[in-house]
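So the structure is just underneath, and the comments pick up after that.
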Amino acid sequence: MSENKPAEISAEQVAEYLQQHPDFFSGNEYLLEQLYVPHQRGTTVSLVERQTSLLRQKNRELHDYLGDMIGVARENDIQFSKTKKMILALMDAATLDDVAVAIDESLCQDFNSDTTALVLFSDQPEEQNNLRLMPRSEASAIDALVDQSQTRCGSLTELQNQFMFREQAFKVKSAAAVPLVKGETLGLLAIGSFDASYFQSNQGTLFLDYIGQAVSRVVSPLLQGRKV
């Protein structure tokens, strides 16, 4: 007569049981010292050591993530302060030349650009520093830039570069072209850098689009005032 042998328990059943009873080792701590997990170097470590190692790794990852988040928050705070300073300067601008000066000082001093150019459309031509007012018909070189709805970053064509930056054109290696629109196309703000990698075609333009909207709101009534 054969003896009845207990049925073998599969690894899957053990795993399922431990998942359903995660507190199993409470009161059975002695088992932890007898359990071993294969190590990548071929040696073995106890389960407690393995769990401790994993927890330390997760802690390092969370610490690095928190550090990155704090760094982003600080950078955003700096960007906000610079942007606030620029917007306040634009709000205080009484003339179009004041607007051009405020733009140049902010973007070149605070945001590390190298040069700016502001072209506005008006039937009364005028030129001061980096500001030019001219009829739209005389600005065909930048039609492709002013007719788009969003900022374009990267390299401008040689003709566009020359038209906007003139004597500085040979130094400008990358640029951002910001259309100015408020009910109608008002002109174009160009921001140039002597660094070819400063403005890139795949970079986000949310901040630059915001600057364009702010400038458009300021220059629109000033341009209307010149028509009176």
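Would you mention how many residues in the stretch 204-228 are over 27 Å from residue 167 (Cα atoms) and part of a loop (DSSP other than H, G, I, E, B)?
Residues that pass the stated criteria total 2.
Is it the case that residue 106 is surrounded by 13 or more Cβ atoms within 10 Å (Cβ to Cβ) and assigned to a helix (DSSP H, G or I)?
Values: surrounded by 13 or more Cβ atoms within 10 Å (Cβ to Cβ): yes; assigned to a helix (DSSP H, G or I): yes.
For residue 106, the condition - surrounded by 13 or more Cβ atoms within 10 Å (Cβ to Cβ) and assigned to a helix (DSSP H, G or I) - is met.
Could you check residue 74 against (1) within 19 Å of the chain's Cα centre (by Cα); (2) open to solvent by less than 40 Å² (accessible area, probe 1.4 Å) and say which number it fails?
Status for residue 74: all satisfied but (2).
Within the stretch 120-132, which residues are surrounded by 21 or more Cβ atoms within 10 Å (Cβ to Cβ) and either assigned to a strand (DSSP E or B) or of a type in the set (Ser, Thr, Tyr) (or both)?
Within the stretch 120-132, 120, 131, 132 meet the criteria.
Take residue 178 and decide whether it is at pLDDT 95 or above, open to solvent by less than 20 Å² (accessible area, probe 1.4 Å) and under 17 Å from the mean Cα position of the chain (by Cα).
Working: at pLDDT 95 or above: yes; open to solvent by less than 20 Å² (accessible area, probe 1.4 Å): yes; under 17 Å from the mean Cα position of the chain (by Cα): yes.
Yes: the conditions hold for residue 178.
From the list 209, 143, 147, exactly one residue is closer than 17 Å to residue 103 by Cα, open to solvent by 20 Å² or more (accessible area, probe 1.4 Å) and among the charged types (D, E, K, R). Which is it?
Sole residue among the options that is closer than 17 Å to residue 103 by Cα, open to solvent by 20 Å² or more (accessible area, probe 1.4 Å) and among the charged types (D, E, K, R): 209.
Taking into account only those residues within the stretch 90-103 that are open to solvent by less than 40 Å² (accessible area, probe 1.4 Å) and in a helix (DSSP H, G or I), which is nearest to residue 197 (Cα to Cα)?
Applying the first criterion (open to solvent by less than 40 Å² (accessible area, probe 1.4 Å)) to the stretch 90-103 yields 90, 93, 96-97, 99-100, 102-103.
Restricting the remaining residues to those that are in a helix (DSSP H, G or I) gives 90, 96-97, 99-100, 102-103.
On the way: 90: 28, 96: 31, 97: 30, 99: 27, 100: 25, 102: 25, 103: 22 Å.
Among them, the one singled out is 103.
Just the residues that are open to solvent by 10 Å² or more (accessible area, probe 1.4 Å) and at positive phi, please, taken from the stretch 181-206.
Of everything in the stretch 181-206, just one residue is open to solvent by 10 Å² or more (accessible area, probe 1.4 Å) and at positive phi, namely 183.
Residue by residue through the stretch 104-125, note down the ones that are at pLDDT 95 or above and of a type in the set (A, V, I, L, M).
Across the stretch 104-125, the qualifying residues are 117, 118, 119, 120.
Which one is modelled with the highest pLDDT, of the residues in the stretch 70-102 that are of a type in the set (Asp, Glu) and over 20 Å from residue 178 (Cα atoms)?
Top of the filtered list is 92.
The values are calculated or read from the model by the stated rules, or taken from the named source; none is laboratory data. None of the values given here were measured: they were computed from a predicted structure. Neighbour counts run over all protein chains shown; Cβ positions are idealised from the backbone, glycine included. For accessibility, only protein heavy atoms count, side chains too; no ligands or nucleic acids. Shrake-Rupley method; radii C 1.70, N 1.55, O 1.52, S 1.80 Å.
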